[in-house]
Amino acid sequence: MNSALSERALAPAKVNLFLRIVGRRPDGYHLLDSLMVPVDLCDRIDIAVQPRSRACVVIESDSQEAPANRANLAYRAAELFLDRTGFSAEVRIVVSKQIPVASGLGGGSSDAAAVLTTLNRSLRAGRSVEELMSWAALLGADVPFFVRGRPALVQGIGEKVTPVEGWGGVPMVLAFPGSGLSTAAIYQRYDASLEPSDDSLTKRAAVTSIANLSGRRKPWRELLVNDLEAVAAEANPELLVLKNLLLQLGAEGALMTGSGSAVFGVWPTRPAAEVAAAEVRGRGVWTAAVETVEVSPAAA
Ligand code: ATP
């Protein structure tokens with residue numbers, strides 16, 4: 001590259017329509033079986049690239065909770081990209097957060113994926129989706145899903161991503177209790193909640209197959225299940241209050257997303273979801289009416 005470039009990327013949130021823990025590796029990582037879907041609530045990532053004799057990354061963030069340093073996943077994604085491709089450039093990133101932090105909506109992971117896919121495209125680096133996904137897996141369990149950028153069955157420790165058709169356009173209301181949960185702490189609580197003799201983790205078969213996900217939907221209340229919800233609710237009981245509020249307001253089903261603490265409810269139409277979100281907002285709770293999307297704006 002010989003001249004400056006500047007790009008704006010939209011990094012969407014996700015919800016887990018189901019999240020089952022189906023095993024644990026000897027190194028302690030949990031094996032998942034999850035249907036993950038991007039939604040149209042997006043962080044904004046502005047990326048400027050200048051040729052330089054030495055590679056470097058500079059980051060700004062408009063949120064106190066999303067660190068403006070190397071701890072930011074977007075920073076680490078840019079550093080990894082420069083390292084793997086050998087581009088000698090300064091990458092400046094400005095992160096404008098819309099997605100609540102530590103909410104289970106995947107904001108940090110999505111920001112990182114948007115940096116990888118945007119740099120790949122704008123610098124014409126020509127790396128394949130598979131290669132970007134393998135780098136993404138080094139940054140975090142949810143990052144490969146966001147690089148793929150489509151509704152998908154996500155398995156293993158997040159590295160197996162199988163896109164599924166027919167999950168876009170579902171209206172939802174998101175609600176966030178205002179204080180996030182640490183993913184690591186929720187998994188620790190989950191492990192502690194298992195009986196020492198509990199071998200259900202290894203016995204539990206994968207809950208679903210692609211064949212019964214593609215284009216076919218069970219009734220929402222049967223589909224929506226999250227193995228982490230009960231332990232997360234012990235840490236933050238407010239999330240169950242919000243889940244029940246969404247059901248009272250007419251959700252066809254409601255569930256915690258990821259490791260919490262945000263919850264989502266499913267509505268038959270977007271206008272009905274907007275009405276419910278206005279009701280939630282009126283109670284002083286962070287909320288957004290959204291829709292699931294077939295293709296993320298930051299898909300590779
Ligand atoms: P997941 O569901 O993928 O585990 P999450 O949605 O629960 O993630 P994030 O919003 O990604 O959580 O934040 C988790 C932690 O990551 C926070 O403690 C935050 O400080 C840190 N973090 C690093 N980079 C970012 C970023 N770009 N945006 C938000 N948080 C970030």
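One table, with the values for the structure above:
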item	result
A74 within 9 Å of the ligand (Cβ to nearest atom) and modelled with pLDDT of 95 or more	yes
Q98, sole failed condition from (1) surrounded by fewer than 22 Cβ atoms within 10 Å (Cβ to Cβ); (2) within 10 Å of the ligand (Cβ to nearest atom); (3) under 23 Å from A232 (Cβ atoms); (4) modelled with pLDDT of 95 or more	(2)
Strands (runs of 3 or more DSSP E) fully within region 127-240 counting 3 or more residues that are at pLDDT below 90 and surrounded by fewer than 15 Cβ atoms within 10 Å (Cβ to Cβ)	none
Residue ID - farthest from the ligand (Cβ to nearest atom), chosen from residues in region 101-140 that are without any contact (Cβ under 8 Å) to a residue 60 or more places away in the chain and among the hydrophobic types (A, V, I, L, M, F, W, C)	A125
Residue match in region 268-289 (condition: among the aliphatic types (A, V, I, L, M), in contact with a Ser or Thr (Cβ under 8 Å, 6 or more places away or on another chain) and within 16 Å of the ligand (Cβ to nearest atom))	no
Residue among G284, G250, G265, G260 that is modelled with pLDDT of 95 or more, surrounded by 15 or more Cβ atoms within 10 Å (Cβ to Cβ) and on the phi > 0 side of the Ramachandran plot	G250
G86, sole failed condition from (1) closer than 30 Å to Y190 by Cβ; (2) more than 15 Å from the ligand (Cβ to nearest atom)	(1)
Residue list for region 23-60, restricted to those being surrounded by fewer than 21 Cβ atoms within 10 Å (Cβ to Cβ), touching a Lys or Arg at 6+ places or on another chain (Cβ under 8 Å) and among the small types (G, A, S)	G23, A48
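Every residue, every condition in (1) under 26 Å from I93 (Cα atoms); (2) more than 12 Å from the ligand (Cβ to nearest atom); (3) under 22 Å from the mean Cα position of the chain (by Cα); (4) in contact (Cβ under 8 Å) with a residue 12 or more places away in the chain, yes or no:
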position	(1), (2), (3), (4)
A11	yes, no, yes, yes
L41	yes, no, yes, yes
P51	yes, yes, no, yes
R54	yes, yes, no, yes
Q64	yes, no, yes, no
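The values are calculated or read from the model by the stated rules, or taken from the named source; none is laboratory data. Quantities reported herein were computed from a predicted structural model and do not represent experimental measurements. Heads up, the Cβs are rebuilt from the backbone with ideal geometry, glycines too, and the neighbour counts pull from every protein chain shown.
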